[in-house]
Every structure is written in structure tokens, then in C-alpha cells.
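Every number here is computed from the coordinates shown, using simple stated rules; none is lab data. Treat the numbers as computed from the prediction; the structure is a model and nothing was measured. All Cβ positions, glycine included, derive from the backbone under ideal geometry; neighbour counts span all protein chains shown.
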Amino acid sequence: MSNSKNPELHINEEPRNDFLDVAVGFGVTFGFFFVVCVIFTIIAYVYS
């Protein structure tokens with residue numbers, strides 16, 4: 001390990017699917033905001 005900047009010497013210990021991670025993140029965020037929007041819409045109609 002004399003050349004620590006060589007990327008071939010670093011083993012990817014936990015391979016990840018970056019696209020799937022981003023897609024799940026967008027989905028969870030959209031779902032959370034959608035639920036919050038529905039709840040506040042129902043509250044707005046109840047109090048009006």
C-alpha cells in the first residue's frame with residue numbers, strides 16, 4: 001500500500017445502487033409531504 005491514492009487498491013466493501021438509493025429517497029420524501037398535505041387539507045376543510 002505504498003500508493004494510497006490508487007483507486008484500484010481500495011476495495012468497495014459495500015457496493016450500493018446509487019440510482020435506487022436516490023429513487024427511494026425521492027419516493028419517501030414525496031410520500032411524507034403528500035401525507036402531510038392530505039392531513040392539512042382535511043384539517044382546513046373541517047375548520048372551514
Whole-number Å³ per residue for the convex hull built on Cα positions in the chain:
94 Å³
Calculate, for Ile39 and Ile11, the FRET efficiency according to 1/(1 + (r/R0)^6) with r their C-beta to C-beta distance and R0 30 Å; round to the nearest 0.05.
0.05
Relative to the longest principal axis of the C-alpha atoms of the chain, give the angle of the C-alpha long axis of helix 18-47, reported between 0 and 90° and rounded to the nearest 10°.
10 degrees
